[in-house]
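The values are calculated or read from the model by the stated rules, or taken from the named source; none is laboratory data. Owing to the predicted nature of the structure, the values given are computational and were not obtained by experimental measurement. Because the Cβ atoms are built from the backbone with ideal geometry, glycine has one as well, and the counts that use them run over all protein chains shown. These accessible areas exclude ligands, DNA and RNA; they are computed on the full protein's heavy atoms, side chains included. Shrake-Rupley method; radii C 1.70, N 1.55, O 1.52, S 1.80 Å.
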Amino acid sequence: MGLAIEAVNLVKRYRTKKRLGLFKSVTEVVEALKGVSFSVRYGEVVGLLGPNGAGKTTTIKILATLLIPDGGEARVAGYDVVEEADKVRKNIGLMLTVEKGFYGKLTGRENLEYFAALYGMDRDVARERIDYLIKLLELDKLGADTKLYEEFSLGMKARLSLARALLTDAPILLLDEPTLGLDPPSARKIRELVKDLAHRDGKAVLYTTHNMFEAELVCDRIIMINKGRIVAEGTPAELKERIPKLKVLNIAVRGNQGNLKDILNSIDSKFEVDSGEADVHNIKVYLKKPEEVLDELLKKFIGRGFEVVSIKIEEPTLEDVFIYFSGGST
Amino acid sequence: MSMLDLVRVEFKLVYGDLFRRKSAFITFILYPYIFTSFTLFIGYAVGSPRGFVERVGVDPVVYMITASYMLMSIFSSIDDLLWRPLLDLHIGTLPYIIASPVNRLKYYTAIPIPRLVAVLLLGFTSILPVYILYYGLEGVAVVFVVISILIVGCLTMVFFSIALAMSIHRVGESWRMLNIVRPVLMILMGVYYPRMFMPLASYILSSFIPSSHAVEAVQRFLMGMSSDIYILIVLAIAISFIYMPIGKISIREWEKSRVRRGVETF
């Protein structure tokens, strides 16, 4: 099986007219994508991560045949997004803005039936699929069968939107900020489902978000995009490895402070000690690979009569990674 | 992809809107009467009913309720096509429609059909009571003839409306253009001003609007000049089919222009 999505050197410029007076105007060109190249395989969730205006939605629009690029090429399911748009459309499930995109005076089910007809689904097949999706996304429990779309909460709207993306069981899913503004249970539900769809059902998922925490939870691979350029790409662990920031080993021990300095001085690393009440000392040690010294350090503490209260390793976050690769600017 | 399925879901959409919005439903029934009252008020203020009967050959009340009903029927069905792209843009359904593999001509042809059925049924609440009052039971037969001609009148407007809507929506702020084009269409269609009495230039211009021939057919029928009705109906159908390829091209070009700019997903 080939690549699900392949973008090569995508360029997109938006032209906007700026009014200078009643009859005068100048055309301003904003370069939204400056040569973006990446690929997505079947069975993986790839996160397109970046701040607002980075070029995420522009990329999704191009791949969804909703926008023609000014340069480069993109193939979805092996079809060119410009030349073979009809074939691309049969292979994608699309989820754009969460809070809009349905008819207000129809119920959730009726809306799905509407789009099933648009996607050319057989009536019986569509009914069966809609039943399945309503159950899968727990929309039945929320009353999507009887409630009009205009009465839906944001969480319900997001679930319905995902249900539409899954209607045709397309092998490729393009999800643009699917959890934006959602409450934690709804966001979690969607994240779990997206992971299942890729890992269990073998779908290729391109998932845009500006939420670093979420990207780390959902995505197998992350593409960081800023100001129309890809600034970094890899698994979350690989990306963190690439930055020079040290990990922080947090250890809380109880015991006599006098022995503490001896132990810590034996490690060739920067450390901080914050002694609290009841002889509890919170120690922070900055290391590249804290896992390698942890065992030896614990033995030393216990050997000198300390009681280890807690241990935690703080890794650099994707936020740190993003700031590092984007040169501190977004 | 079945056209029937598209019509079925459109029915749900239109009827959902009509029956779940009480104000829409009430105004839907009242509109022909409001239009009639307005035109009669103006007519009685500036002229006499006898003068109208002498010139047109039909009682002004019968003529105006029929005119209002025709206007409602034709415009309700074509308005769905004229405004739909804007509605879809603002409620956010447009990107999903463009990104769907649906046959565009089938889809846009299916859109006006449900409202067309609704407005034709409206004949029984608008023209039927008035006709019975004026013609007795014979009025029921007259209603069926008028509705039958109007079915042709509305259907022949579908391809014309697609072509018109998609050409207008290629322009920015198309709603302004629509607000200019609609009244011009209303005048040229000749529903209130008997079409055969139009100045020649307007008559020729209105010939390009397929339903104007159906409107004239209804007017001639009410005036008792039934001999030319068939020719007018055939003419309406023939002109309508000229707009089919134009409509198809217009949809394609409109969609191209949208995609070139980028379909809004706000």
Keeping all protein chains in the complex and leaving out DNA, RNA and ligands, what accessible area do you get for A:Glu150 with a 1.4 Å probe, in Å² to the nearest 10? 100 Å²
Using modelled backbone amide H atoms (1.01 Å from N, in-plane), which distant-in-sequence or interchain residues come within less than 5 Å of A:Gly35's amide H? A:Leu10, A:Val11, A:Lys12
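Once the Cβ-Cβ distance between A:Thr235 and A:Glu307 is put in as r, and R0 is 41 Å, what FRET efficiency do you end up with, to the nearest 0.05?
Efficiency, from the Cβ-Cβ distance: 0.65.
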If DNA, RNA and ligands are ignored and the probe is 1.4 Å, what is the ranking of B:Leu116, B:Leu164 by accessible area, most exposed first? B:Leu164, B:Leu116
Accessible area, 1.4 Å probe, largest first: how do A:Tyr42, A:Tyr324, B:Tyr31 sort? A:Tyr324, B:Tyr31, A:Tyr42
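Could you work out how much longer the chain between B:Ser148 and B:Tyr203 gets when fully extended? Use 0.36 nm per residue separation minus the Cα distance between them, nm to one decimal. Walk me through the numbers before you get to the answer.
Working: separation 55, 0.36 × 55 = 19.80 nm, distance 2.34 nm.
So the extension gain works out to 17.5 nm.
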Cross-link candidates for A:Lys240: which aspartates and glutamates have Cα within less than 13 Å, leaving aside residues fewer than 8 places away along the same chain? A:Glu216, A:Glu314, A:Glu315, A:Glu319, A:Asp320
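Among bridges DSSP assigns within the protein assembly as shown, what percent are antiparallel (round to 5)?
Values: 47 of 65 bridges.
Of all bridge pairs located within the protein assembly as shown, approximately 70 percent are antiparallel.
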Per residue of B:8-16, how many C-beta atoms from partner chains lie within 10 Å of its own C-beta, taken as a mean? 5
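To the nearest 0.05, what FRET efficiency results for A:Asp279 and A:His199 with a Förster distance of 41 Å applied to their C-beta separation?
Efficiency at R0 = 41 Å is approximately 0.30.
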What length, rounded to one decimal in nm, is gained on full extension from B:Phe241 through to B:Phe25, with 0.36 nm per residue of separation minus their alpha-carbon distance? 74.5 nm
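Please tell me the relative contact order of the range A:247-317 in percent, rounded to the nearest whole number, where contacts are Cα pairs under 8 Å and at least six residues apart.
Working: 112 pairs, mean separation 36.2, N = 71.
Relative contact order comes out at 51 percent.
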Computed from the beta carbon distance with a Förster radius of 56 Å, FRET efficiency for A:Lys87 and B:Val234 to the nearest 0.05 stands at 0.85
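Is the protein assembly as shown rounded, prolate or oblate when judged by the Cα gyration tensor, a ≥ b ≥ c being the square roots of its eigenvalues, rounded requiring a/c under 1.5 and prolate requiring a/b larger than b/c? It would help to have the intermediate numbers written out before the result.
Values: a/c = 3.20, a/b = 2.72, b/c = 1.18.
Since a/c reaches 1.5 and a/b is larger than b/c, the shape of the protein assembly as shown is classed as prolate.
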Ordered by number, the chymotrypsin sites (Phe, Trp or Tyr not before Pro) in the range B:149-225 that occupy a DSSP loop and have at most 14 other Cβ atoms within 10 Å are B:Phe208
Determine how large the accessible area of A:Ser266 is when every protein chain is in place; take a 1.4 Å probe and give Å² rounded to the nearest 10. 70 Å²
Accessible-area ranking of A:Phe301, B:Phe19, largest first, probe 1.4 Å: B:Phe19, A:Phe301
Aspartates and glutamates whose Cα lies under 19 Å from that of A:Lys17, excluding same-chain neighbours fewer than 8 positions away: A:Glu28, A:Glu31, A:Asp70, B:Glu173, B:Glu264
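Among the listed pairs A:Lys61/A:Lys227; A:Lys147/B:Lys12; A:Lys87/A:Lys189; A:Lys56/A:Lys227, which have their C-alpha atoms separated by more than 21 angstrom in this model?
Values: A:Lys61/A:Lys227 17 Å; A:Lys147/B:Lys12 15 Å; A:Lys87/A:Lys189 31 Å; A:Lys56/A:Lys227 10 Å.
From A:Lys61/A:Lys227; A:Lys147/B:Lys12; A:Lys87/A:Lys189; A:Lys56/A:Lys227, over 21 Å: A:Lys87/A:Lys189.
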Quick check: pseudo-label points 7 Å beyond the Cα along Cα→Cβ at A:Val248 and B:Val46, how many nm apart are they? 8.2 nm
Within a 10 angstrom radius of each residue's Cβ in A:88-97, how many Cβ atoms of other chains show up on average? Whole number is fine. 3
Where in chain B are the DSSP H helices whose alpha-carbon span along the long axis reaches 30 Å or more and whose Kyte-Doolittle mean is at least -0.5? B:22-46, B:60-91, B:229-261
Express in Å², to the nearest 10, the accessible area of B:His90 obtained by rolling a 1.4 Å probe over the protein heavy atoms while all chains stay in place. 110 Å²
Quick check: Cα centre of the range B:50-112 to Cα centre of the range A:87-107, how many Å? 26 Å
If the reach is capped at under 16 angstrom between alpha carbons, list the lysines near A:Lys299, excluding any in the same chain fewer than eight residues apart. A:Lys261
Hits in the range A:250-264: amide N under 12 Å from the 7 Å Cα→Cβ extension of A:Leu294, namely A:250-251
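Grab the Cα-Cα distance for B:Ser227 and B:Phe11, subtract it from 0.36 nm times how many residues apart they are, and report the gain in nm with one decimal.
Values: separation 216, 0.36 × 216 = 77.76 nm, distance 3.62 nm.
So the extension gain works out to 74.1 nm.
Which helices, counted as full DSSP H runs in chain A, have an axial Cα extent of no less than 20 Å and a Kyte-Doolittle average of -1.0 or above?
Values: long enough: A:184-199 (22 Å, -0.69).
Span-like helices, by this rule, are A:184-199.
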Measure off 7 Å from each Cα along the Cα-to-Cβ vector at B:Lys256 and A:Lys17, then give the distance between these two points in nanometres to one decimal. 2.1 nm
